[in-house]
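**Q** Dropping the structure in here first, questions after.
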Amino acid sequence: MRIGILGGSFDPIHEGHLAIARESQRQFKLDKILFVPVFLSPLKFGKTPLTTAALRARMVGLSLKGEPSWELCGVELSRSGVSYTVDTLRHLRKSFPPPHQLFFIAGADAYEDLKNWKEPDEIMKLSEWIVAQRPTHPLPVALPTGFHLLKMRPIAVSASEIRERVREGRDISVWVPRPVADYIKRMGLYREKAV
C-alpha cells in the first residue's frame, strides 16, 4: 500500500488541509491517508494550546466522514508529550513494514526547516515526502531524491485566520467542513483570544 501521512495541530482542520490530502491522494495514487493530530508540537513547545488534543481530534474525525480511505490516527495523542515526526514514522513503519510505502505530506515551510527537525536523516529513511507549495516559501525547481512536488495552487487559508473569524463572530463555513463549523459553534471554541 501507498500510505500518506498528514500531521498537524489541526486547530482547526480546514479546507486547505483537505485539499492537500485530496490532491496528494490523486497525484501519487495513495491507497490511504492517515491524519495525525499532534499532542504537542515541538514548534509550539511552551505555548498554551488553544484547544485540547481531544477536541482537535474530534474535529479531524468529523472532517473525514465520507472519505473511506482517510483515517484519524491517534498515535501522537496516545503517546502524549512533544510529538516528533521521527517517532511517529517509526511507529507507523512497524504497523506498515515494507513493501508498504510511507509518504509524509508537508508544506514548503516544513521542507525548508527539515534540517532542524529531530533525526532528519532517519525521517528520510522511513518515508518519502510530498511537498505542497506555500505562497511565502518558494521551492527550488528540482527537489532532491525522496521529495515530490505536489502540483496545486497554494490555498490561502490558515487556522489562525479561522480562529480570528470565530472571535469576530464571522462565518467560517467556506473555510471548514460544515460538521466542523457546527462543532466549533456548539462547543464555543475560539471565542476568546489565546494568552
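None of the figures in this text is laboratory data; all of them are computed from the coordinates on show. Here the structure is a predicted model, which is why all the values come from computation and not from measurement. Note that we place each Cβ from the backbone using ideal geometry, even for glycine, and neighbour counts take in every protein chain shown.
**Q** What list do you get for Asp109, Asp11, Asp171 if you sort them by fewest beta carbons within 10 Å?
**A** Asp171, Asp109, Asp11
**Q** Continuing with the same structure: Looking at region 2-156, what % of its DSSP beta bridges pair antiparallel, to the nearest 5? Could you put the intermediate results ahead of the total?
**A** Working: 1 of 25 bridges.
If I count the DSSP bridges inside region 2-156, around 5 percent turn out antiparallel.
**Q** Right, something else. Largest first and in whole Å, give the semi-axes of region 2-156's equivalent ellipsoid, each being the square root of 5 times a Cα gyration tensor eigenvalue.
**A** Details: eigenvalues 89, 64, 61 Å².
Working through the eigenvalues yields semi-axes of 21, 18, 17 Å.
**Q** Hey, another quick one. Could you work out how far apart the two model spin labels at Glu192 and Met152 are, taking each label as a point 7 Å from the Cα in the direction of the beta carbon, and quote it in nm?
**A** 3.6 nm
**Q** With 25 Å as the limit, write out which pairs from Lys94/Lys151; Lys32/Lys65; Lys118/Lys185; Lys32/Lys151; Lys29/Lys94; Lys29/Lys115 have Cα-Cα distances beyond it, or answer none. Mind showing how you got there, number by number?
**A** Values: Lys94/Lys151 30 Å; Lys32/Lys65 14 Å; Lys118/Lys185 37 Å; Lys32/Lys151 19 Å; Lys29/Lys94 22 Å; Lys29/Lys115 28 Å.
Where the Cα-Cα span goes over 25 Å, the pairs concerned are Lys94/Lys151; Lys118/Lys185; Lys29/Lys115.
**Q** Given R₀ = 22 Å, what would the calculated FRET efficiency be for Ser173 paired with Glu67, taking r from the Cβ atoms and rounding to 0.05?
**A** Using R0 = 22 Å, I get an efficiency of 0.70.
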